[in-house]
Amino acid sequence: MSPEEQVPELIEALKPYVSQVAEVQLLDYSARAQYGPWAKFRYLNADSLKGYEQGQRFHLILIAITEAEMPAALEGKERKPYRLSQLAGMLCNEEDFRRWVTETYGEPCHDKDEAAQWLREATGVESRAYLDSNEAAAEIFRDIVREYDLYKQQPGEQTT
């Protein structure tokens, strides 16, 4: 049996020793001199995160899911990673993001339309859709997301 074929068996054997076994999707990662390396994951079962606190530390074991394995949370459905334009749209809908933009950049950002306008101006694109094809704008957007993520990790800064 190949190592890949042994993964489901090994995960089952580890369950008594871990608080959770869950499928996640890597969305983005980077390393910055000021903050060090970081990774952003999409957790497929948000209900399982209840009871944990922001800033709480964990041990993390990453085991790649092969193409042959069916995604646990999406049986029968094709899963595609989010495009940057989709992430931008989701951010603009977040009240905490809009508050952060207002506080950090001094730009009024009280609704999703103002947030979208601010993001377009900050990244230098006419439409958030260009974040998927304009690498310079995409990098600016990733920097904005990194800054916002760091803000959310600060105790007492986030309201939700």
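The values are calculated or read from the model by the stated rules, or taken from the named source; none is laboratory data. Because the structure is predicted, anything quoted here is derived from the model rather than measured. So basically every Cβ, Gly included, is an ideal-geometry build from the backbone, and we count neighbours across all protein chains shown.
Return the residue satisfying two criteria in turn: it lies in segment 1-52 and is among the β-branched types (V, I, T) and surrounded by 13 or more Cβ atoms within 10 Å (Cβ to Cβ), and of such residues it is modelled with the lowest pLDDT. Restricting to residues being among the β-branched types (V, I, T) and surrounded by 13 or more Cβ atoms within 10 Å (Cβ to Cβ), the top hit is V21. Using the structure shown, decide if R128 is surrounded by fewer than 20 Cβ atoms within 10 Å (Cβ to Cβ) and out of contact with any Cys (no Cβ under 7 Å at 6 or more places or on another chain). For R128, the condition - surrounded by fewer than 20 Cβ atoms within 10 Å (Cβ to Cβ) and out of contact with any Cys (no Cβ under 7 Å at 6 or more places or on another chain) - is not met. If only residues of segment 98-114 that are among the charged types (D, E, K, R) and without any contact (Cβ under 8 Å) to a residue 40 or more places away in the chain are counted, the one that is farthest from L150 (Cα to Cα) is D113.
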